[in-house]
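Inspection log for the structure reproduced underneath, given as C-alpha cells.
The values are calculated or read from the model by the stated rules, or taken from the named source; none is laboratory data. Just so it is clear, the structure is predicted and the values come from calculations on it, not from any experiment. Accessible surface areas use protein heavy atoms only, side chains included; no ligands, DNA or RNA. Shrake-Rupley method; radii C 1.70, N 1.55, O 1.52, S 1.80 Å.
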Amino acid sequence: MDTARTASAQATTPAMPSARLERRAAWTFVELALAAIALVSGAFLVLDIPIPEWLVLVGRWIPGLLAILVIKAYALPGGLRARLGVLPGSWPRLVLGSLLGAVALAATYAATAYFFARVMQIELQSWAFIGQAIALAVPLGLLFVLSTAGEEIAWRGFLQHAFRRGGFWRASAGVSAIWVLFHVPLHAAMAAQGAFPWAVAAATTAALFGLGIFLSALAVRFGSIWPAALAHAVPVGAINFLADGGALPAGQIVAATLLAGLALLLVGGLLARGIPAAIPERSAEARRRPTFGPRSSTGTAPGRLLGS
C-alpha cells in the first residue's frame, strides 16, 4: 500500500518548471565559466609562464564546452543545436547576417579611428595598408571563426537564450556584463605579466560590453550565432586603422578603445530596433513549441531567432 502511494505521489508530482530549471542551468554555467578562466589564468600567473597567444584562441572553447556539459547535465529540453543557436535557419538570411555583421564591425572600427584621428590630429593607416588588411581579414576571419564559435555558442547562444524572458536588452546586458567579467582574470594576468599596461587592460575589458551588445543583436536579429561568430572573428580593431597604433601613448589607446566600445554599443542598438524590449507571456501550447526571436504582429515567429 505504501509503495503504491509513493508511486502515485511521484506520478502526480509536477516536474521542475522549465523556466526555473533553465535559470539554474544558466547560473551553474556562469559560475563554472568564471571559475575555469580564473583557475587557468591564475595558473599561468603563479607558475610565471607567459600566457601564449594560442591560449586565447583555444581558451574561447572553455565556455563552449562548459555550456554543452551543463545542457547535458540538466537535460534541458530542445536539444544542443537549438540551445546553442547553431541552427542556420534560412541560408540566405544567414549569409546576409554574416556579411552585414562583419562589414558593420569593421566599418564601426574604421569610423571610430577616423573620428579619433581627426580629434587627436594623428595619422591614419595608408589606403594601401588598409586594402592589404582587408584582403587578409577575409581568410583569417574564416579561420578564426573556428575559435570564436566556442564563445558564441555559450554566450550569445546558450546564455542569451536562457535569459530571453527578460527581453532583448535585459538579456543582452546581462550576457555582456558576465562576458566582461569572464575576461577580467585573463586580462589582469596578461597585464601583470607586462603584456600591456593596466589602463589598457581595463579599457579593453570594459569595451567588451559594447561588443557584446553588438554580437547579441546580430545573433537575435538573424536567428543564429554564426553572424556573431563571424563578426567576432574579424581580426581588426580601431587601433589597427591608426598609423603606428600600437606605439601610441597608453592614454590614447585607452580613449580609442573605449570610444570603439561605445560606438559598437550604439550600432548594436540600431541592429536591435524592432526586437521586443520584453517578451510577452505565452500560452502553455506555445511554450511546448519554443521559438526564438522577435514576433510579427500576427503573433507568429518570422524565424528561429535567439531572443524570444
Ordering 156, 170, 60, 118 from largest to smallest accessible area (1.4 angstrom probe), what's the sequence? 170, 118, 60, 156
Semi-axes, largest first, in whole Å: what does sqrt of 5 times each Cα gyration tensor eigenvalue give for region 81-138? 33, 14, 9
Considering only protein heavy atoms and a probe of 1.4 Å, how much of the accessible area of region 11-102 is carbon and sulfur, as a whole percent? 72 percent
Please work out the average accessible area per residue across region 143-211, using the 1.4 Å probe convention, and give it in Å². 33 Å²
Considering only protein heavy atoms, what is the solvent-accessible area of residue 95 at a probe of 1.4 Å, reported in Å² to the nearest 10? 80 Å²
Mind jotting down the distance between the C-alpha centroids of region 226-255 and region 38-109, whole Å? 20 Å
Using a 1.4 angstrom probe on heavy atoms only, work out the carbon and sulfur share of the accessible area of region 138-244 in %. 73 percent
